[in-house]
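Following: one structure in C-alpha cells, then a few remarks.
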Amino acid sequence: MQMNVDVLSQCLKAAADPTRLRLLSLCSQGELTVSDLVRITGHSQPRTSRHLKILQDAGLLESFREQHFIFYRAHRQQPHQTIVTTLLSSLHATDSALAEDSRRLSAIRKARAQLAESYVEDEVPEWLELHEYHGDDATFEAHVTELLAGHRVGHLLDIATGTGRMLRLVGHLADSGFGVDLSKKMVIVARDSVEKAGLTHLSVRQEDMYQMRFPANSFDTVTIDQVLYFADDPAALFEEATRVLKRGGKLLIVAFTTREQTTLPAVSASVSVDMKAIMSWLLNKDLSVEQIDKIPGESLDISLILASKTAKS
C-alpha cells in the first residue's frame, strides 16, 4: 500500500516523538481512554490529549465517544494501518519504557476484567444459561464456519453482541469489525472478552440496534445471535441490519426454534422463536435466504439462517 509524499511525511512527523510512539504502541493493543493513557504514561491530561490530537490529525489514530469517555485506537484502515505496523515493528521489544507501559496496561486490563466478571455473575445469568443450551461450542462453531465458507467475512458487525460470543467465534475470520449492544455493562463484558481473545482488530460499541450510527452499506457480514426472542420489533431490527449490510453481503441469524412434537420446559419456550415468524420478518425486497442449518437439541433446535443482500439490478 503506497501513499503520496505529503501524507507519508505528515505521518512520520507525527510519530517522531518518544511519547507519541509510546501512545501509538499502546493504542495498537486495544481501545484506551485519555484517563487510561495518563495513568500508563504518567504525563498530564492536557499533554496527553495534545499528543493524541497530533496522531489523530495525521491519521495514525482514530477515536469514538462512549457516553462521557473518548476511546482511542490505532487506525485500522489502509494505508495508515501499514504505516503503524511498520513503525511499531521497528521498536525494540525490550525497550524499558515500553516494558513499563505494558506492565501498567496489564494492570488496567486486570481491573477491567474483574469488573466484567462481576457483571457476568450479577447481571447476565440469562446469557450464560443460553450458552448452555447451545451444548458443545466446537459443534456450534463448526456449523457457523461451514455456513460462512466461501464468503469473505471482511468487515463484521455482531448486533446485540451480549457477552461477545459470536465475535469470539467469527472474529478470527474477519478483517475488522464491531460488536454493538445497548447495555453499557454488556459492552464492558464483550470488550473484555474480545481483548482476552487477542482480537485487537475488533471493537465493541454502545449502540441502539434499531438506530445504529453506521452508514448504509458498511458491512460485509452481519450476525444476529439469539436476539430475536427479546427484540421488541424484529421486523425493524432486520430492516436496520439490511441497511448497514453491503450489497452481496451475508446476514447470519441464530435462534432457538421449537422442535416438532416436543413438550418444552417453560424456560426453553421463553427463548424459542417460530421459524415462520423469522421468515416473515426476514424476507423483503433486499434479502434472500440462501441456506438453513439446524443443530438438533433435546427440546429446542438451534436454527442458523444465512441470507444475502441482493445486488443492484
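None of the figures in this text is laboratory data; all of them are computed from the coordinates on show. All values derive from a computational prediction rather than experimental measurement. Ideal geometry is used to build each Cβ from the backbone, glycine not excepted, and the neighbour counts take in all protein chains shown.
For the chain, with the dipole built from +1 on Lys and Arg beta-carbon atoms and -1 on Asp and Glu ones, taken about the Cα centre, which of S106, I54, S89 lies farthest toward the positive end?
I54
In the stretch 32-49, which residues have a backbone nitrogen under 18 Å from the label point lying 7 Å from S96's Cα in the Cα-to-Cβ direction?
Output list for this probe position: 41-43.
Multiplying the sequence separation of T82 and M3 by 0.36 nm and subtracting their Cα-Cα distance, what value in nm do you get?
In short, 27.4 nm is gained.
Rounded to the nearest 0.05, what FRET efficiency is calculated for K110 and H43 with R0 set to 22 Å and r the Cβ-Cβ distance? Please report the intermediate quantities before stating the final value.
Details: r = 22 Å, r/R0 = 1.00.
After rounding, the FRET efficiency stands at 0.50.
So what is Rg over Rh here for the stretch 5-113, counting just Cα atoms and using Kirkwood for Rh?
Using Cα coordinates only, the ratio equals 0.94.
I'd like the FRET efficiency for Y229 and A149, computed as 1/(1 + (r/R0)^6) with the beta carbon distance as r and R0 of 45 Å, rounded to 0.05. Could the numbers behind the result be given before it?
Values: r = 27 Å, r/R0 = 0.61.
E(calc), rounded to 0.05, equals 0.95.
Can you find, among F64, F140, L237, the residue sitting farthest towards the positive end of the charge dipole of the chain, where Lys and Arg contribute +1 and Asp and Glu -1 at Cβ?
F64
Using the Cα centre of the chain as the reference point, and only Cβ charges (+1 on K/R, -1 on D/E), how large is the resulting charge dipole? Debye, rounded to the nearest 20.
1500
Please give every one of the aspartates and glutamates within straight-line cross-link reach of K13, meaning a C-alpha to C-alpha distance under 12 Å, and leave out same-chain neighbours fewer than 8 residues apart.
Once the sequence-local aspartates and glutamates are set aside, what remains near K13 is D57.
Scaled to the compact-protein estimate 2.2 N^0.38 Å, what is the alpha-carbon radius of gyration of the chain, rounded to two decimal places? Before the final figure, lay out the partial values.
Details: Rg = 21.3 Å, N = 313, 2.2 N^0.38 = 19.5 Å.
For the chain, the normalised Cα radius of gyration comes out at 1.09.
What's the exposure ranking of M166, M209, going from fewest to most Cβ atoms within 10 Å? If you can, show how the numbers build up before the last one.
Numbers: M166 23, M209 19.
The fewest-first ordering by Cβ neighbours comes to M209, M166.
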